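We did not get these values from a lab; they are worked out from the coordinates using the rules stated. Fair warning: this is a prediction, and the values are worked out from it, not measured in the lab. Cβ placement follows ideal geometry from the backbone for every residue including glycine, while neighbour counts extend to all protein chains displayed.
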Amino acid sequence: MKFVIALVVVLVVAALIRKIVRYKTLTPLLPRKYNFGKRRDTLREVLRLLDERGAKVLVETGVARMGLEKSKGDGASTIVFGLWSTQNDAHLYSVDIDPEATAKAGEAVNAMELGDHVTLVTSDSVAYLADFTDAVDFLYLDSYDYHKTDTSIQQASQAHHLKEIEAIEGCLHDGTVILIDDCDMPNGGKGKLVIERLTANGWTVHMSEYQVILLRDAG
Ligand SMILES: C[S@@+](CC[C@H](N)C(=O)[O-])C[C@H]1O[C@@H](n2cnc3c(N)ncnc32)[C@H](O)[C@@H]1O
């Protein structure tokens, strides 16, 4: 009986430790209760690079419609980069084709008083990026949803993200930091064609996990 109790205690403690180790926060930017899971380490590295480079113009495709609620599932990108922009006198431009998504993201942005440093736009991302004229210090690509098994959706998503990079390429510079979401997925994820194009044009993969970071300088 004693042996069984000891075994249960060991298993419970091991499960607790596993949970704590896998709980990945973005402190001090956000409180410990927000878990960023598989995106945490790449987000942390991006924030370090933005600090180091004094980024001022941040652009993302695909808004965080759930604000911080889906930090683990989706990444809460608009809040993460909007908060960083607010604290660093920078500005985040965030575009999404779905008006409901931009409206919900707007509620979350306003609730956190980030509105002075975040512009939310409802538009197709390729059209929006093609009209963008400022030099972009940080670009985050996370629009057209990928699919684990449907290859036609996978190809459409990859083609869309390639069009995004082609549309904004003229605004990128040597110090630009690029982050692409959902890359560690079957058949190369959202970044497959973008990464092929960028690496053929002098960019290097700086960090490759679930998300991929690319830089043009040595980093
Ligand atoms: C995965 S979600 C973005 C998640 C967000 N980055 C976050 O951290 O929570 C993808 C978003 O891309 C948007 N989207 C899909 N196709 C698009 C397009 N052609 N142009 C702009 N946004 C698009 C969808 O409406 C959706 O809100």
Which whole-percent values make up P(r) of the chain when all C-alpha to C-alpha distances are grouped in 5 Å steps starting at zero?
-> 1, 7, 14, 18, 20, 16, 9, 5, 3, 2, 2, 1, 1, 0, 0
Report the one residue of Leu58, Gln87, Met185 whose Cα lies farthest in the direction of the positive end of the charge dipole of the chain (charges on C-beta: Lys and Arg +1, Asp and Glu -1; origin at the Cα centre).
-> Met185
D_trans [Stokes-Einstein, Kirkwood Rh over alpha-carbon pairs] for the range 16-86, 4 °C, 1.567 mPa s, µm² s⁻¹ = 102 µm²/s
Taking the Cβ-Cβ separation of Ser123 and Ser152 as r and a Förster radius of 35 Å, what is the calculated FRET efficiency to the nearest 0.05?
-> 0.90
Net length gained if the chain between Thr133 and Phe3 were fully extended (0.36 nm per residue, minus Cα distance) = 39.9 nm
Counting pairs of alpha carbon atoms under 8 Å apart in space and at least six apart in sequence, what relative contact order in percent does the range 37-147 give?
-> 33 percent
About its Cα centre, the chain carries a charge dipole, from +1 on Lys and Arg Cβ atoms and -1 on Asp and Glu Cβ atoms, whose size in debye to the nearest 20 is 1520 debye
Rounded tilt (10° steps) of 40-53 against the dominant C-alpha axis of the chain = 40 degrees
Neighbour cut-off at most 11 other Cβ (10 Å), DSSP loop, trypsin sites (Lys or Arg not before Pro), the range 55-94 = none
How high is the relative contact order of the chain, given as a whole-number percent (alpha carbon pairs under 8 Å, six or more residues apart)?
-> 17 percent
In the range 150-219, what GluC sites (Glu not before Pro) fall in a loop by DSSP, with at most 15 other Cβ atoms inside 10 Å?
-> Glu209
Name the chymotrypsin sites (Phe, Trp or Tyr not before Pro) in the range 23-121 that are in a loop by DSSP and that have at most 15 other C-beta atoms within 10 Å, would you?
-> Tyr23
Here the gain from full extension of Val13 to Arg53, 0.36 nm per residue of separation minus their alpha-carbon distance, amounts to 10.2 nm
